[in-house]
Amino acid sequence: MTPNYAQINPNMVVPALVHDGQLYLESMDIIEYLDQAFGGDPFVPVDATARIETMALVEQAKELHQSLRYVSFRWSLGRLARLNPQENKNLKTLAAQGNDKENLASFYDAYSNEGIAQSIFDDHLLKLYKAFSNLNTQLSDGRKFLMGESISIAGVFWSMKILRLIETGYLFSELHPVLYDWFLRMYKRPAFQTEVMANNRMLNRVWQTKATIERTFGFGLNNALHKLIAA
Ligand SMILES: N[C@@H](CCC(=O)N[C@@H](CS)C(=O)NCC(=O)O)C(=O)O
């Protein structure tokens, strides 16, 4: 959220990719570009029907992105990531110059000041729960990966969301066991370990330990979710 970076990506989020002098924004567009530019097994299926189904799953995951932000800030970061008044002011100025399609200015304004209402966090958490329940059902026909026998751009996207939520204390093994088994197949892939976990292992342990302690003492995200489902 600095002027320099806003010149590269006016939405002020990572990632941004510059390759061969071209700028690519949005993680899914970046993956599609890399997929086309570098060959290997395609992440976006070539078959038209499979392609439509895959991109529909990507769109569903995109719609949940804001929910993931709210839930992970609430249950992992607490109030740690608040901006100070000057930072908030700078963000608003930058947002007014770009399109702020990620709604960072309003998010950080509420988050850093009076705080975001519990009911808003709850709505986002329930939205995630419903989407994961649907995905769990889809996977229950015995398929190995989301799109059948091979991994796809949809699997890459969803697995990252699940990883982040596991770190916040969301107990997939208990709530969506089929989806969790699929996640483990993704997680155990050598590329997931070298490209995702190698840089994330330390933080992953910190978040998961925090989540386990919270769960043991009867609070934390999983307990909150159980109460919401029961209601
Ligand atoms: N729609 C964007 C969202 C990217 C996004 O939310 N990135 C997060 C990190 S994973 C970020 O930069 N957040 C800034 C913040 O919340 O302060 C994409 O898919 O690339």
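Here are the criteria: (1) within 24 Å of I162 (Cβ to Cβ); (2) among the small types (G, A, S); (3) part of a helix (DSSP H, G or I). Tell me which single one A95 does not satisfy.
Evaluating A95 over (1) within 24 Å of I162 (Cβ to Cβ); (2) among the small types (G, A, S); (3) part of a helix (DSSP H, G or I) leaves (1) as the failure.
Using the structure shown, decide if E59 is within 15 Å of the ligand (Cβ to nearest atom) and not polar (S, T, N, Q). Full working, then the answer.
Numbers: within 15 Å of the ligand (Cβ to nearest atom): yes; not polar (S, T, N, Q): yes.
Here the answer is yes, as E59 does meet what is asked.
Residue-wise test of (1) more than 27 Å from T93 (Cα to Cα); (2) touching a strand residue (DSSP E or B) at 6+ places or on another chain (Cβ under 8 Å); (3) away from the ligand (no atom under 13 Å from the Cβ); (4) modelled with pLDDT under 95.
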position	(1), (2), (3), (4)
Q7	no, no, yes, yes
H19	yes, no, yes, no
E32	yes, no, no, yes
F38	yes, no, yes, yes
D41	yes, no, yes, yes
V44	yes, no, yes, yes
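Being under 17 Å from the mean Cα position of the chain (by Cα), within 16 Å of the ligand (Cβ to nearest atom) and closer than 30 Å to Q22 by Cα, is that true of even one residue in segment 67-83?
For segment 67-83, residues under 17 Å from the mean Cα position of the chain (by Cα), within 16 Å of the ligand (Cβ to nearest atom) and closer than 30 Å to Q22 by Cα: present.
Here are the criteria: (1) at pLDDT below 95; (2) within 18 Å of the chain's Cα centre (by Cα); (3) surrounded by 14 or more Cβ atoms within 10 Å (Cβ to Cβ). Tell me which single one G98 does not satisfy.
Single failed check for G98: (2).
Of the residues S106, S112, S119, which single one is of a type outside the set (A, V, I, L, M, F, W, C) and crowded, with 16+ Cβ neighbours inside 10 Å?
Values: S106 fails: crowded, with 16+ Cβ neighbours inside 10 Å; S119 fails: crowded, with 16+ Cβ neighbours inside 10 Å.
Just one listed residue meets the conditions, S112.
The values are calculated or read from the model by the stated rules, or taken from the named source; none is laboratory data. Everything numeric here is computed off the predicted structure, so don't read it as measured data. Neighbour counts run over all protein chains shown; Cβ positions are idealised from the backbone, glycine included.
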